[in-house]
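J.: One structure follows; several queries about it will come next.
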Amino acid sequence: MQTTGGHECRTPVPPHVLQETHPLHSKSLSNEENLKLFGTCNSPNGRGHNYTVVVTVHGETDPEYMGEAIMKAFDRKNLDLNGPYFAVVVRTTENVAVCIWGNLQKFLPLGVLYEVKVYEADNNIVVYKGE
């Protein structure tokens, strides 16, 4: 890990903007319970999202890793249908952040990844640091 004047260097990677669609639906609930819990977000046709993902690493990293781990895996997909993680986990912004963290860990050396921020909207931001 790099340091400057005794301070750890953290590098934000340029943001990635993802477009995806999904319905909010839990297989463990009835259709009525899903509708009550998720409202119009439970539409079988899904709803669209634009997420902005900002990754911060210790030191420098190859931006191609970000494209591979984030854009290729998530952009322009129905996450509920295009990956094993969301086949069993309800797709929330929190779980998107956890899944992106897991994907990035496959490409980056241990200890390089610092945090993943996922912006669903200006007032809905999830910060995940691997906890």
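J.: Could you give every pair whose Cβ atoms fall below 8 Å, whose first residue belongs to the range 60-78 and is at positive phi, and whose second residue is assigned to a loop (DSSP other than H, G, I, E, B), counting only separations of at least 6 or pairs across chains?
T.: Every condition considered, no pair remains.
J.: Sticking with this one: Based on this model, can you work out whether N123 counts as at pLDDT below 85, surrounded by fewer than 17 Cβ atoms within 10 Å (Cβ to Cβ) and polar (S, T, N, Q)?
T.: It is false that N123 is at pLDDT below 85, surrounded by fewer than 17 Cβ atoms within 10 Å (Cβ to Cβ) and polar (S, T, N, Q).
J.: Being loosely packed, with under 15 Cβ neighbours inside 10 Å and hydrophobic (A, V, I, L, M, F, W, C) is the filter here, so list the residues in the range 63-97 that pass it.
T.: The answer is M71, L81, A87, V88.
J.: Only residues in the range 29-45 that are surrounded by 10 or more Cβ atoms within 10 Å (Cβ to Cβ) count as the first member; pair them with residues that are modelled with pLDDT of 85 or more and not in a helix (DSSP H, G or I), Cβ under 7 angstrom, at least 6 apart or cross-chain, and list the lot.
T.: L37/L29
J.: Keeping to the range 79-109, report how many residues are among the charged types (D, E, K, R) and under 15 Å from I125 (Cβ atoms).
T.: 1
J.: With a cut-off of at least 3 residues that are modelled with pLDDT of 80 or more, name the strands (runs of 3 or more DSSP E) lying wholly within the range 1-93.
T.: Fully inside the range 1-93 and qualifying: 47-58.
The values are calculated or read from the model by the stated rules, or taken from the named source; none is laboratory data. Quantities reported herein were computed from a predicted structural model and do not represent experimental measurements. Positions of Cβ are backbone-derived with ideal geometry, glycine not excepted, and every protein chain shown enters the neighbour counts.
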